[in-house]
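Before I ask anything, here is the structure I am working with.
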Amino acid sequence: MSSHTSEPSAPPPTGYRTLLRNREFAGLYAAFALTAGASTLSGFALGSLVEQQTKSPFLTAVSMYGATFTTVLGASTLMSVADGRRPRRTLLALQCLSLAGAAAQAIPGLPLAARFGLLLVSGFFQSLGTGTRMGLLAEVVPTSGYALARSLMNITSGGMAICGYAVGAVLLRYLSPYEVFVVAVALTGAGVGVVAMTVREHSIRLTRRPGLRRTWTTNVALFSHSGRRALLLNLWVPNGLIVGCEALFIPYSPDRAGLLLAAGSAGMLLGDLVVGRLLTAARRRRYAFALRLVLAAPYLLFAADPPTAVIAVAVFVAGAGFAATLPLQERLLALTPDPVRGQVQGVESAGRMTWQGIGAAIAGGVAQYLSPGVTMTAMAALSLAVTVFSRPFVLRARPDRVGTEAGEGIPRARAAEVRPEP
């Protein structure tokens, strides 16, 4: 039985401070913050290095988000390890592998082909680590505190991105990209140490050994449910297309890229703070569609090549639209039974990251023939179209019986009612 279900009488967390009094959550949170900062620094350093060496918008965009391509491999092959018997040990092992990959990027003179190869390998292990971390999160906080915990982690992700891009831009004025990689390695190593010292083992969940068959069985059951398919589509595609816009900031304006990336991250932080902390669950559901429109619409301005102040504000506003992810994640969790929480959350995260890579690749490829500004406008229009087209399917997302017997696939969705957005 999940550890969170053993505390039914515990009062729900009422604020971020209450959550952080939980030592295990504080450890997961701190390690996540360090890892997010390291990832931002590493991606910015690699993107700058590739831009300097190739002057290619496509390669620059892919270098910043290329790791996301292999997250789908983790989701489709070994993601069931996220619900294994020893998730703490699994998370530590996966983080150590990611640490080794980050350290290899710091080697001067490493060919770009090798760097892209390391990027793909790191993405595979990162996807498994994310699923394991989210599975642990569902164990160390009560169900009533899950949305608050995810909100705090989303806010932190945005905050660390702001810091990472701002600090990365400053560091690259004085350090080489290789030295910035070393800073990222140090942050990653600190994250490993924090998990080792604060998180205890949770020997729960599966009764059978995780592996390829287990992963596929659960994934087939996951995608056979029309409500979950619609939610995953909305979590993945609109986000990924807009991340493709962000991947063109360096080709669009190398001197202003740091400002634009920081503005987008600041908007994301504010959006997650307001939506996760100040809105009720009902209001989060109500505003999810509008936030999806806010996510893409401001990028339509890029076709006119407006002044720096205008595009910075537009990117900031669009960043707030990423907060639509939170109510959609809540609804997906409500459709997910306890034994496969880690895997389903891992698949959601891996798919979202994979679509970030796809969006970056599409945007970079199109920008080889069109200007970056026109390309960003086209990507934003496509994101809006996907949001509008998929809305009727999201509205109909309801729990039902899926899968087979307990322990095989997804036995039964939770009984909690999931009301559609108005």
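Identify the residue in segment 365-394 that is of a type in the set (Val, Ile, Thr) and closer than 18 Å to TRP236 by Cα and, among all such residues, is surrounded by the fewest Cβ atoms within 10 Å (Cβ to Cβ).
Of everything passing the filter in segment 365-394, VAL388 is surrounded by the fewest Cβ atoms within 10 Å (Cβ to Cβ).
One line per residue, one yes/no per condition, for (1) hydrophobic (A, V, I, L, M, F, W, C); (2) in contact with a Leu (Cβ under 8 Å, 6 or more places away or on another chain):
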site: ALA247; (1), (2): yes, no
site: ALA290; (1), (2): yes, no
site: TYR299; (1), (2): no, no
site: ALA312; (1), (2): yes, yes
site: LEU332; (1), (2): yes, yes
site: LEU335; (1), (2): yes, yes
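If you check SER224, SER253, which single one turns out to be more than 20 Å from the chain's Cα centre (by Cα) and either at pLDDT below 80 or among the basic types (Lys, Arg) (or both)?
SER224
Condition check: under 19 Å from SER157 (Cα atoms) and either in a helix (DSSP H, G or I) or among the basic types (Lys, Arg) (or both). Does PRO238 satisfy that?
The answer is yes for PRO238.
Conditions tested, residue by residue: (1) over 21 Å from ARG391 (Cβ atoms); (2) among the small types (Gly, Ala, Ser); (3) modelled with pLDDT of 90 or more.
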{"site": "PHE289", "(1), (2), (3)": "no, no, yes"}
{"site": "PRO306", "(1), (2), (3)": "yes, no, no"}
{"site": "LEU335", "(1), (2), (3)": "no, no, no"}
{"site": "GLN345", "(1), (2), (3)": "yes, no, no"}
{"site": "GLN356", "(1), (2), (3)": "yes, no, no"}
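Is one or more of the residues making up segment 69-79 closer than 17 Å to ALA113 by Cβ, in a helix (DSSP H, G or I), β-branched (Val, Ile, Thr) and at pLDDT below 75?
yes
I want to confirm something. Restricting to segment 310-325 and keeping residues that are of a type outside the set (Gly, Ala, Ser) and in contact (Cβ under 8 Å) with a residue 40 or more places away in the chain, which single residue is farthest from VAL294 (Cα to Cα)?
ILE311
Continuing with this model, one more query. Please name all residue pairs, on different chains or six or more residues apart, with Cβ atoms under 9 Å, provided the first residue is in segment 148-177 and is closer than 19 Å to LEU19 by Cα and the second residue is basic (Lys, Arg).
LEU148/ARG277; SER151/ARG277; LEU152/ARG277; ILE155/ARG277
Do we find that THR40 is touching a helix residue (DSSP H, G or I) at 6+ places or on another chain (Cβ under 8 Å), modelled with pLDDT under 65 and hydroxyl-bearing (Ser, Thr, Tyr) in this structure?
Spelling it out, it is not the case that THR40 is touching a helix residue (DSSP H, G or I) at 6+ places or on another chain (Cβ under 8 Å), modelled with pLDDT under 65 and hydroxyl-bearing (Ser, Thr, Tyr).
Okay, moving on. Evaluate the following for LEU94: is it over 25 Å from GLU330 (Cα atoms), under 19 Å from the mean Cα position of the chain (by Cα), surrounded by fewer than 23 Cβ atoms within 10 Å (Cβ to Cβ) and not β-branched (Val, Ile, Thr)?
The answer is no for LEU94.
Residue pairs, Cβ under 8 Å, 6 or more apart or interchain, first in segment 257-274 and under 13 Å from ALA323 (Cβ atoms), second among the acidic types (Asp, Glu). List them.
Filtered contacts from segment 257-274: GLY264/GLU246.
Now a separate question. Return the total of residues in segment 140-149 being at pLDDT below 80 and out of contact with any Gly (no Cβ under 7 Å at 6 or more places or on another chain).
5
Right, here's the next one. For ALA257, state whether it is of a type in the set (Gly, Ala, Ser) and surrounded by fewer than 23 Cβ atoms within 10 Å (Cβ to Cβ).
Yes, satisfied.
Does GLY135 satisfy being within 22 Å of VAL344 (Cα to Cα), touching a residue at least 12 places away in the same chain (Cβ under 8 Å) and in a helix (DSSP H, G or I)?
yes
Is one or more of the residues making up segment 176-197 at pLDDT 85 or above, surrounded by fewer than 20 Cβ atoms within 10 Å (Cβ to Cβ) and under 25 Å from ALA361 (Cα atoms)?
yes
Here's something else I'd like to know. Would you point out which residue out of TYR299, TYR287 is closer than 25 Å to THR377 by Cα, crowded, with 23+ Cβ neighbours inside 10 Å and among the hydroxyl-bearing types (Ser, Thr, Tyr)?
Result of the check over TYR299, TYR287: TYR299.
The values are calculated or read from the model by the stated rules, or taken from the named source; none is laboratory data. All of these numbers come straight from a predicted model, not from anything done at the bench. Every residue, glycine as well, gets a Cβ built from its backbone with ideal geometry; the counts of neighbours run over all protein chains shown.
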